[in-house]
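All remarks here apply to the structure that follows.
The values are calculated or read from the model by the stated rules, or taken from the named source; none is laboratory data. What you are looking at is a predicted structure, and each value in this text was computed from that prediction instead of being measured. Here the Cβ is made from the backbone with ideal geometry for all residues, glycine too, and neighbour counts use every protein chain on show.
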Ligand code: 3PY
Ligand code: MG
């Protein structure tokens, strides 16, 4: 099965969503629905490292390797980055990265020597990547070389420092958090046509093109086609497991009451 990196660099765009239930079940269901990737969200859900690891492995198993788990860590801390990567996931998304100093520290935590200082112990990685054998000896060669380090740009400071973040060695692309970015611009909601917001998106997209690194974003379904046309290479559909369930349940009740 191709890795998330190989898919992202070869396909026109990838569609994902996020999972937040403290159990592999929603990841299994959504992984079977045809999403290219699922973000396991440790930032805004109180997932333990053990739950995150089970959700990542279930995503791979339920989809036969066709859906890649990408872990959003809750902060830049070395423990989170280590646990997320040791699950064998295809990448990490790191929230609120605002400066060159922050991105350099993240890369140090995510990469093995000589590029970084990651410690070796991917005991659970064989369950996320079939190329890794039980001894894990080949994890370094197969999986770690494919892992994507994806800092989030989601503040005016992050946009101002976007070039430093984008071009940092060890950074493989960036992910825009539109809600936080819009809050930082004094706006609300997940999307909109305000010139300051569109200029921020265009700036990051232009840097992505210049440095040959893919840019992703959270997107509402009615904005997805437009985001892809603008140049976003991976879109995380809003809602996630809880939102999709709530929306489907409301629609079911409404149509049942009207039938
Ligand atoms: C944001 O929009 O701020 C996000 O973090 C999206 O996941
Ligand atoms: Mg955010």
Of everything in the range 145-171, what is within 16 Å of ligand 2 (Cβ to nearest atom) and assigned to a loop (DSSP other than H, G, I, E, B)? Give them in sequence order. 154, 155
Return yes when residue 247 is away from ligand 2 (no atom under 16 Å from the Cβ), without any contact (Cβ under 8 Å) to a residue 12 or more places away in the chain and farther than 30 Å from residue 101 by Cβ and no when it is not. yes
So, in the range 174-210, exactly how many residues are within 14 Å of ligand 2 (Cβ to nearest atom), in a helix (DSSP H, G or I) and touching a strand residue (DSSP E or B) at 6+ places or on another chain (Cβ under 6 Å)? 1
Of the residues 125, 137, only one is modelled with pLDDT under 95, more than 16 Å from ligand 2 (Cβ to nearest atom) and more than 21 Å from residue 40 (Cα to Cα); which? 137
Among helices (runs of 4 or more DSSP H) completely within the range 1-114, the ones holding 2 or more residues that are away from ligand 2 (no atom under 16 Å from the Cβ), free of Cβ contacts under 8 Å to residues at least 40 places away in the same chain and surrounded by 24 or more Cβ atoms within 10 Å (Cβ to Cβ) are 49-63
Inside the range 166-200, can you point out the residues that are within 12 Å of ligand 1 (Cβ to nearest atom), within 18 Å of the chain's Cα centre (by Cα) and modelled with pLDDT of 95 or more? 175, 176, 177, 178, 179, 180, 181
If you go through the range 117-133 one residue at a time, do you hit one that is surrounded by fewer than 22 Cβ atoms within 10 Å (Cβ to Cβ), over 18 Å from the mean Cα position of the chain (by Cα) and in a helix (DSSP H, G or I)? yes
Filter the range 230-259 down to residues that are modelled with pLDDT of 95 or more and part of a loop (DSSP other than H, G, I, E, B) and give me whichever is surrounded by the most Cβ atoms within 10 Å (Cβ to Cβ). 232
Would you confirm whether any residue within the range 70-85 is at pLDDT 95 or above and farther than 24 Å from residue 105 by Cα? no
For the range 145-167, how many residues meet the condition of being surrounded by fewer than 20 Cβ atoms within 10 Å (Cβ to Cβ) and touching a residue at least 24 places away in the same chain (Cβ under 8 Å)? 8
